[in-house]
Amino acid sequence: LLAIADAQDRNARVEKGLRRAGAVFPHHRRGTAGEDDAERLARGDLLVRALQGISVSIGPGEFVAIVGKSGSGKSTFSNRLGERSGLPVVHLDRAYWQAGWVEPPAEEWRSTMTELVGAEQWIMDGNYSSTWDIRLPRAELIIYLQFPLWLLLWRATTRSLKFRGRNRPDMAPGCPEQ
């Protein structure tokens, strides 16, 4: 229970920081999952349902930041948005981690982020709050994916099992799922 309370406190701080940066939070349904949610989750449609009724026009030359908790679907959503909009997708996990799960020095990471943000257009997924001051001012749209804890845990667990011992497509080479 202490870990859940810590995670909720951390998530509240993240949301507060994003609101200060200008992020807009669409209303989402809270509560327990019903049978319809379980079926949609199995098909992978729950993310789509959560975004129904939200109209966003994204085209060439734009900058979109996708943020959210682990297991919220940032990479999946970014990939789908990239396919539909034609914008290149930058997975920050891929840019950040070095083989063997080695973290780069802070100044090197900030330099990498400055270079990535300087591109002509992008959809960038990932949190890395230490570089929000570089990334978020350039973003024209910030999408914060927020889902119930049960769903985040389910997605993170199934992702771990699916890719155990192998690299995820959105992760740096040499960083297998553990």
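With the alpha-carbon atoms as the only input, what is the per residue convex hull volume for region 64-103 in Å³?
Per-residue hull volume (Cα only) is 82 Å³.
Starting with the highest mean, order 104-110, 87-93, 133-139, 122-128 by the number of other Cβ atoms within 10 Å, averaged over the residues of each peptide.
122-128, 87-93, 133-139, 104-110
What's the whole-number percent of alpha carbon pairs in region 90-178 lying beyond 23 angstrom?
Of all Cα-Cα pairs in region 90-178, 33 percent lie more than 23 Å apart.
If N is the number of residues in region 129-178, what value comes out of its Cα radius of gyration divided by 2.2 N^0.38 Å?
That ratio works out to 1.51.
Only the coordinates and a few stated rules stand behind these numbers; no lab work does. In this text, all values refer to a predicted model and were calculated from it rather than measured experimentally. With ideal geometry, Cβ positions are generated from the backbone for all residues, glycine too; neighbour counts draw on all protein chains shown.
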